[in-house]
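First up is the structure itself, then whatever we jot down about it.
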Amino acid sequence: MDNNNFEFNSDDNPDVKIYATTTTNKKSSFSFSKNILVPFFSGAIGASIILGTCFGIPSIRDSFLNTSSNQTPKFNVTSGGTNTAISLANYSGTAIDVASKVQPSIVGIQIEYSVTSLMFGSYSSTATASGSGIIISEDGYILTNNHVVSSSSNSSYYRMSEAQKITVKLYNSDQTYEAKIVGSDSQTDLAIIKIEATGLTPAELGDSNSVKVGEFAMAIGNPLGLDSSVTCGIVSAINREVTDEDGNKYIAIQTDAAINSGNSGGALVNSEGKVIGINTLKLSGSGVEGIGFAIPISSTLEVTEQLIQYSKVLRPYIGITGRDVTESLSKRYNYPIGIFIAEIEEFSSAEIAGLKIGDVITAADGTPVPTMEKLNEIKNTHKIGDEMVLTIFRNGETLDVTLKLKEAN
């Protein structure tokens, strides 16, 4: 038997040499039973003894079986060159816990309307619509959207009445309750309805001011009449300004959790099962997917209290009808940019303060107001009885007028 030595240089370090020795048999005698069968059966017998011993020890047996058959599904995420295994069971567990906590606090709402056709003679029929609501008290107060329970859908072809009947269905129950509208507000698209029931499960309200982009979000409601449906996603954006079809503007939470017709008035909740928003709007159309909006729950608290106490939201008002003086109008008529006062209501804050038709409001509380929208935005930061300082342009002069805000009619 000759030994042949070969010398290699390492690719990683040329100064390190790797030696390999090959053995060449010039002469050999081979026995099948000696070289194959004996080693094979010896190994098999040894392995059987070892496995039998291990399975005789409970802790080893259980460890082996659990490792081989009960693996938690995972996927790998590469971050900075490092692979990290993330368990999907954590996400699934969170969704299950949140759904089981919040679903008993979400109701289905069905509304009946009377629709009068104005074509081919007047005749009436009954139409129905559906939505969702959030139980906010043990004794039957429910928060929902104004557009769920109040219709403003009229045209030259038909006229729709206010809701004639509102029916509420509780979670996991066939029993229904007739509800009445306690108060509603079109400007915030919020409404409170009430059923005669006790022992209900109110939802736990969270702090929408602390919501962060990317956090877990679940939408719970009754989309398309499918009771107690849940969809999951994340918070896509916060403080998103959106405008509904009636021209009302909202500062909303954007989410990719699916929101469909019937979800309106339902809850958007976080990973703790706390309500962070009221599902209100979604974008739809060709090429649009996963863009829904919820009214932040923290912005609804004062409105909710007033709807329960007064059946409406108490807002201050100035008492004018104004027209925006744009840059082009400013140049044409030699007026400053602002709001031209076209009408003044009798006994209003504006009349009492001495404002006149033809005045141009240029600022409110020291802030320029180029539009009525901006003026209302500043006014709505005040309460009834507060004073507000308006800067006006009158007959070539600029002066400040202080008025005391009264309650809107």
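Tabulated data
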item	result
Pairs, first assigned to a helix (DSSP H, G or I) and among the β-branched types (Val, Ile, Thr) in segment 286-307, second open to solvent by less than 70 Å² (accessible area, probe 1.4 Å) and modelled with pLDDT under 95, C-beta under 9 Å, six or more apart	300/188; 303/185; 303/188; 303/313
Filter result for the condition that a residue is among the aliphatic types (A, V, I, L, M), in contact (Cβ under 8 Å) with a residue 40 or more places away in the chain and closer than 24 Å to residue 174 by Cα, over 269, 230, 242	230
From the options 90, 154, residue that is assigned to a loop (DSSP other than H, G, I, E, B), modelled with pLDDT under 90 and out of contact with any Cys (no Cβ under 7 Å at 6 or more places or on another chain)	154
Output for segment 122-177, where each listed residue is under 19 Å from residue 260 (Cβ atoms), open to solvent by less than 60 Å² (accessible area, probe 1.4 Å) and β-branched (Val, Ile, Thr)	134, 144, 148, 149
Total residues in segment 343-373, condition part of a helix (DSSP H, G or I), modelled with pLDDT of 95 or more and not hydrophobic (A, V, I, L, M, F, W, C)	2
Count - residues of segment 220-232 that are open to solvent by less than 10 Å² (accessible area, probe 1.4 Å) and under 11 Å from the mean Cα position of the chain (by Cα)	1
Residue check, residue 379 open to solvent by less than 50 Å² (accessible area, probe 1.4 Å), among the basic types (Lys, Arg), out of contact with any helix residue (DSSP H, G or I) (no Cβ under 9 Å at 6 or more places or on another chain) and within 30 Å of residue 183 (Cα to Cα)	yes
Considering residues of segment 265-285 that are at pLDDT below 90 and not in a loop (DSSP other than H, G, I, E, B) only, the residue surrounded by the fewest Cβ atoms within 10 Å (Cβ to Cβ)	282
Candidate set: segment 295-309, residues that are over 15 Å from residue 186 (Cα atoms) and buried (at least 21 other Cβ atoms within 10 Å of the Cβ); chosen: the one farthest from the chain's Cα centre (by Cα)	297
Residue in segment 391-403 that is open to solvent by 70 Å² or more (accessible area, probe 1.4 Å) and in a helix (DSSP H, G or I) present	no
Selected residue (criterion: most open to solvent (accessible area, probe 1.4 Å)) from residues of segment 208-219 that are in contact with a helix residue (DSSP H, G or I) (Cβ under 6 Å, 6 or more places away or on another chain) and not hydroxyl-bearing (Ser, Thr, Tyr)	209
Output for segment 185-202, where each listed residue is surrounded by fewer than 23 Cβ atoms within 10 Å (Cβ to Cβ) and either in contact (Cβ under 8 Å) with a residue 60 or more places away in the chain or outside any loop (DSSP other than H, G, I, E, B) (or both)	185, 186, 187, 188, 194, 198, 199, 200, 201, 202
Filter pass, residue 351 being more than 20 Å from the chain's Cα centre (by Cα) and either at positive phi or surrounded by fewer than 13 Cβ atoms within 10 Å (Cβ to Cβ) (or both)	no
In segment 246-264, residue farthest from the chain's Cα centre (by Cα) [restricted to those that are in a loop (DSSP other than H, G, I, E, B) and crowded, with 20+ Cβ neighbours inside 10 Å]	262
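The values are calculated or read from the model by the stated rules, or taken from the named source; none is laboratory data. Because the structure is a prediction, the values reported are computed rather than measured. Note that each Cβ is placed from the backbone with ideal geometry, even for glycine, and that neighbours are counted across all protein chains shown. Heavy atoms of the whole protein, side chains included, go into the accessibility calculation; ligands, DNA and RNA do not. Shrake-Rupley method; radii C 1.70, N 1.55, O 1.52, S 1.80 Å.
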